[in-house]
Each structure stands twice: as structure tokens, then as C-alpha cells.
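Taking it in order: structure first as C-alpha cells, then the write-up.
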Amino acid sequence: MHELTIGKLRGIHSISTPAGHITVTALDHRGSLRKALEKTLGRPVAHGEVVEEKLRMVRAFAPHSTAVLLDPTFGAAQAVASGALPGHVGLLVAVEESGYQGSDESRLTRLVEGWSVAKVKQMGASAVKMLLYYHPQSAAAGHQEELVAQVAEECRRHDIAFLLEPMSYPVAPGQSKSAPEFAREKPRVVLETVERLGPLGADLLKLEFPGDPHWEQDEARMRGHCREITRRSPVPWVILSAAESFDVFQRLVEIACEEGASGFMVGRAIWQEAMTLPDPAERDRFLKTQGVSRLEILKAIANRRGRPWSEQAAARPVAEGWHREYGSHPDQAVA
């Protein structure tokens, strides 16, 4: 059982349902969102326009989500300051930069300059999120593991929940992530990633589906890989959408939740078509109708079939006088 200190416990409670299911809308996209808008509008898009698009999505999806995942550049503070994010909805904030350094076969995650775990905590967020490019056989694996341990230690110091999002990639030169060769390798990569990164201090894992549904058609194998994640992971896990179409992601949520996931964090699968509409009113209408309808379908699946995170994580016992030592050391947050 994964033990949670009091701040981490409060954070995870605030991003989940009372029953322990996590149904989060992911809106931390930066470069990809800006590029999509520029392609649709046929012109450069200013910073403020990206902010407004984020707020449009927050207003549409936040009332239907346990929490919203946002970035510090275009979304987090703006959603709070504008009132777009209701006070009863949880907030996760990213600490990583978009993209990566290094080569395509050896990817290095960067943290946002001028941003930190301490600032995420200070602004009142529920949890810290870090996307980490990772392949166990990459030359960058050791560096990436050290970065996870560093951020985990900062989250322990500030007693805030830590969500880790490993993102796989091929290490064979010139190989595409959508190639059948990588599809055959992906289940092993995802499972080994869980084993290697899971013990490094995250409180929740946001994982890719352990297989490529465009190549893998054997549902029994797909289910077996998800069960294996549940067996190997030392912390609760949720499934991410990875820009899949809604129909594909719906099926993946069903499989993952039935085999041990505690819910989902969904992004483009529910809203990507809106970004092809040049009229802001049309985008708004799509988000509030089709987008929300999709989110509600996913929520019903997770709430009915997901494994409550509380089956795998619980609070440390609270001793008399705990407040005197609280904050003096990460291991004494609750003792």
C-alpha cells in the first residue's frame, strides 16, 4: 500500500470523486495547440489568443471534471484568476517544458524555466504533473530517472501530490512511433517503464495504453498487459488519451478501467476537432456539446468500472501532536 502524507492525500482527494475515481480533462498543451490554431486560422496566433482558447475549454469541461490539468504558460493562473476554473474542481499544473532536448533516440525532458514545485504548491494547486520522455534502453534513461527522483523529492518537501506521465518513443534510428515494429515493442516498454519509474516517488502514474490499438487486435492480450500494469505499479494509475480518436480511446478506457486503472486524463480525444473550426463561436459550441458529451461517456465508464485509487494508497497514521513536527522533514509530514 502506497502511503500518502497529509498534503498529498488532500491533493489526490481533490482530483477524484468521493468513490476514488479520477476523471480529469488535460489542457496543458502548448506548442501543439498553438500550431493547430495557426493552421486553422491561417496566421500567427498571439499569446493572448492561446490563453482565451484555454479558458474556453476550461469553462466547457471543468464543471464535468474532477480536475483540470493546465500549464503555467497559458492556462493555470489565468484559469484561476478569471474564475473559469471553479473552486471545487481540482487543479494539476505541469512543470515540464514542451518538447525535449537531445536526439530523437535519446530524449531529455526539461523543466520550465522560472517555474517550480514550490510555486505550484504556493498557487494552491492540488498536484504537480511532469511528462517524461522515457525508454528503458535509451542512453538518456539514467538522466530521466534522476529527474524523476529530483522532482519527487521536491514534492515530498512541499507535501504535494506528484503525477508522473512517462511517454515512450522508439530508440531505433529513423523508426516512427506508429510503426508496427514499435507497436510490437510497446507493451514491454510500458511495463518496464512502470517497474523502473514507479518506485522513484510518484504518487500517481498517467500511462499510455500498453499496446498500439491500431496494430494489436487481440483484446485478451490488451487486457493482460493492463492487468500486468496493475500488478507491477506501486501506485494507482490512470490512462491517457495520446491524441487518439474518441471512439478508440473510449474502448481503451473500458479495458484499462476493467483491468485496474483508476480513471483517465483525456485531452485531444474529446476536443481536437474543435481546433479545426475557424469561428470561435463554433469552437465553443462544439466543446459544450460534442466535447462534453464525450467526457460524460468516459466518466460513466470510469465511475462504473474503474478501481478506486484508495485500494492502492492510503494516509499514514496521524499521531497525537503531529502538527509540531509537520513540515520539518518529508518523512515526518504525518507520523
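The values are calculated or read from the model by the stated rules, or taken from the named source; none is laboratory data. Note that the structure is a prediction, hence the values are computed from the model and not measured. Neighbour counts run over all protein chains shown; Cβ positions are idealised from the backbone, glycine included.
Taken as a whole, the condition of being of a type in the set (A, V, I, L, M), part of a helix (DSSP H, G or I) and over 14 Å from Thr66 (Cα atoms) applies to Leu287. In a residue-by-residue description of region 81-95, the property of being at negative phi, crowded, with 16+ Cβ neighbours inside 10 Å and either in contact with a Cys (Cβ under 7 Å, 6 or more places away or on another chain) or of a type in the set (D, E, K, R) (or both) applies to no position. If you check Ser241, Ser262 for being touching a His at 6+ places or on another chain (Cβ under 9 Å), surrounded by 20 or more Cβ atoms within 10 Å (Cβ to Cβ) and hydroxyl-bearing (Ser, Thr, Tyr), only one passes: Ser262. Only one entry of Gly99, Gly124 meets the criterion of being within 25 Å of Leu191 (Cα to Cα), under 19 Å from the mean Cα position of the chain (by Cα), surrounded by fewer than 20 Cβ atoms within 10 Å (Cβ to Cβ) and not basic (Lys, Arg), and that entry is Gly99. Picking from residues in region 265-288 that are under 18 Å from the mean Cα position of the chain (by Cα) and surrounded by fewer than 23 Cβ atoms within 10 Å (Cβ to Cβ), the one that is farthest from Pro308 (Cα to Cα) is Gln272. Among the residues of region 148-162, at least one is surrounded by fewer than 20 Cβ atoms within 10 Å (Cβ to Cβ), over 18 Å from Val190 (Cα atoms) and among the small types (Gly, Ala, Ser). If the condition is being buried (at least 17 other Cβ atoms within 10 Å of the Cβ) and farther than 23 Å from Arg294 by Cβ, then region 6-33 contributes Gly7, Lys8, Leu9, Gly11, Ile12, His13, Ser14. Scanning region 227-249 for residues that are farther than 15 Å from His2 by Cβ and among the polar types (S, T, N, Q) yields Ser241, Ser245.
Residue by residue through region 179-221, note down the ones that are surrounded by 16 or more Cβ atoms within 10 Å (Cβ to Cβ) and among the small types (Gly, Ala, Ser). Selection gives Ala183, Gly198, Gly201, Ala202, Gly211. Look at region 278-304: where a residue is within 22 Å of Lys35 (Cα to Cα) and a partner is among the acidic types (Asp, Glu), sitting 6+ places away or on another chain with Cβ atoms under 7 Å, you get Phe286/Glu273.
For region 127-146, filtered to residues that are of a type in the set (A, V, I, L, M, F, W, C) and closer than 21 Å to Leu4 by Cα, the residue that is surrounded by the most Cβ atoms within 10 Å (Cβ to Cβ) is Val128.
Does Ala315 count as surrounded by fewer than 19 Cβ atoms within 10 Å (Cβ to Cβ), touching a helix residue (DSSP H, G or I) at 6+ places or on another chain (Cβ under 7 Å) and of a type in the set (Gly, Ala, Ser)?
On the way: surrounded by fewer than 19 Cβ atoms within 10 Å (Cβ to Cβ): yes; touching a helix residue (DSSP H, G or I) at 6+ places or on another chain (Cβ under 7 Å): yes; of a type in the set (Gly, Ala, Ser): yes.
Criteria met by Ala315.
Quick check: anything in region 200-219 over 25 Å from Leu69 (Cβ atoms) and either modelled with pLDDT of 95 or more or within 21 Å of the chain's Cα centre (by Cα) (or both)? Checking region 200-219: not a single residue is over 25 Å from Leu69 (Cβ atoms) and either modelled with pLDDT of 95 or more or within 21 Å of the chain's Cα centre (by Cα) (or both).
Scanning region 11-25 for residues that are in a helix (DSSP H, G or I) and either touching a residue at least 40 places away in the same chain (Cβ under 8 Å) or of a type in the set (S, T, N, Q) (or both) gives Gly11, Ile12, Ser14.
Being in contact with a His (Cβ under 7 Å, 6 or more places away or on another chain), closer than 20 Å to Lys177 by Cβ and not hydroxyl-bearing (Ser, Thr, Tyr): is that true of Ala141 here? Against the criterion (in contact with a His (Cβ under 7 Å, 6 or more places away or on another chain), closer than 20 Å to Lys177 by Cβ and not hydroxyl-bearing (Ser, Thr, Tyr)), Ala141 qualifies.
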